[in-house]
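Below is one structure, written out as structure tokens, with a few remarks after it.
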Amino acid sequence: MGDSRILRRRFSSRYRLAFGLFWLLLVGMSSMVAFAQQKTAEEDATIAQSLAEMLRDARAIISNNQGRINDPEIGDKGLSAKVVLDQAVETYKKDTGIDPMTVDPASRHGRLLRAMMGAISEVMDANQTTINAKGIGFKAFIPAVFGRLVAESFARLANGEAELKVTAPPELVRNRKARPDSFEEKIIKTKLIEPAWPRGQPYSEMTDAKGRPAYRVMVPEYYAASCLTCHGTPKGEMDITGYPKEGAKQDDLGGVISITLYR
């Protein structure tokens, strides 16, 4: 009987020890998984912000050169793919403190950032004839068109790893290709357009996109004074592109850079 009690105590002690070790292993594994997921989310947020920054920097060059692009007296506008990309890279470096060319090309960030720069170059190369046409005023090569074309090129060059779209509240969308999907429309209406939403703060969420798990980021953009030439007042008046003005005011939410990073 005494031996039996001793064996039971030993078995119980071993069971508790084994269970304790198993529990510690389980907790450790869970912590490791949580840490890895947090690290991946932080990396995705960095990548999304980087892609949005590069697109905005290149698009600003197109915006700043609209007068030159639409000047019928000038042939070569001096806006080659190399010129635009070099200027965008310099602005990116100034705004972020990082040289995009130093981002490891073997990393996900490096691959996608180079896909974005490649898309910018592709669009500029493909539109040189339009940009440099002499004797023609308005070329319709405006920042919105540039952004859409870059997004389309980027999706192809990213090879299924990511997608990007410049969208807006549905009532402001002029091109059907830029219409927000159901996720984008919901976030615009319930988050980004709200007065309480911190100006410029992106929204991010892990969700599904096209049947795949994806990290989605929505970066709000606001009308600058230069945007109001086409989007300001008087509301309903036709702008240079042939669309009625929206009656927007400076600092109104005018668009969203929507980035999808597939997992």
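Read-outs throughout are calculated quantities, based only on the coordinates presented, and are distinct from any laboratory measurement. Given the structure is predicted, the values throughout are model-derived calculations rather than measurements. For neighbour counting, all protein chains shown are included, and Cβ atoms are generated from backbone atoms with ideal geometry for every residue, glycine included.
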**OP:** Report the extension gain between ASP99 and ILE193 in nm, rounded to one decimal, defined as 0.36 nm multiplied by the number of residues separating them, less their alpha carbon distance.
**Re:** 30.6 nm
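If packing is taken as the mean number of other Cβ atoms within 10 Å per residue, what is the order of 132-138, 226-232, highest first?
So the peptides 132-138, 226-232, ranked by packing, come out 226-232, 132-138.
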Original post:
Roughly how many nanometres apart are two label points built 7 Å out from the Cα toward the Cβ at ALA126 and ALA41?
Top reply: 3.6
**OP:** Using θ = phi - 60° and the Karplus relation 6.51 cos²θ - 1.76 cosθ + 1.60, list the HN-Hα couplings for segment 224-232 in order, rounded to whole Hz, with x at every Gly or Pro.
**Re:** 8, 4, 5, 6, 6, 4, 9, 10, x
Original post:
If you plug each phi of segment 74-86 into the Karplus form 6.51 cos²θ - 1.76 cosθ + 1.60 with θ = phi - 60°, what whole-Hz ³J(HN,Hα) values come out, in order, with x for Gly and Pro?
Top reply: 9, x, 5, 8, x, 10, 5, 4, 5, 4, 5, 5, 4
Original post:
Each residue of segment 188-193 in turn: what ³J(HN,Hα) in whole Hz from Karplus with 6.51, -1.76, 1.60 and θ = phi - 60°, glycine and Pro shown as x?
Top reply: 4, 6, 9, 10, 5, 8
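Just to verify a number: FRET efficiency for GLU90 and ASP208, C-beta to C-beta distance, R0 = 41 Å, to 0.05?
After rounding, the FRET efficiency stands at 0.60.
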Original post:
If you count, for each residue, the other Cβ atoms within 10 Å and average over each peptide, how do 194-201, 216-223, 165-172 line up from highest to lowest?
Top reply: 216-223, 165-172, 194-201
**OP:** Starting from the Cα of LYS249, draw a straight line to each of the aspartates and glutamates and keep only those under 19 Å, dropping any in the same chain fewer than 8 residues away.
**Re:** GLU171, GLU194, GLU221, GLU237, ASP239
Subject >> lysines whose Cα lies under 22 Å from that of LYS94, excluding same-chain neighbours fewer than 8 positions away >> reply: LYS82
Original post:
Under a point-charge model restricted to the Cβ atoms of Lys and Arg (+1) and Asp and Glu (-1), what is the dipole moment magnitude of segment 43-262 relative to its Cα centre, in debye to the nearest 20?
Top reply: 400
**OP:** Mind running the shape call on segment 46-184? Use the C-alpha gyration tensor, a ≥ b ≥ c as the square roots of the eigenvalues: rounded below 1.5 for a/c, prolate if a/b tops b/c, oblate otherwise.
**Re:** oblate
Subject >> Cross-link reach list, lysines versus LYS165, counting only Cα pairs under 20 Å and skipping chain neighbours closer than eight places >> reply: LYS177, LYS186, LYS189, LYS191, LYS210
Original post:
Once a ≥ b ≥ c are taken as the square roots of the eigenvalues of the Cα gyration tensor of segment 137-263, is the result rounded (a/c under 1.5), prolate (a/b larger than b/c) or oblate (a/b not larger than b/c)?
Top reply: oblate
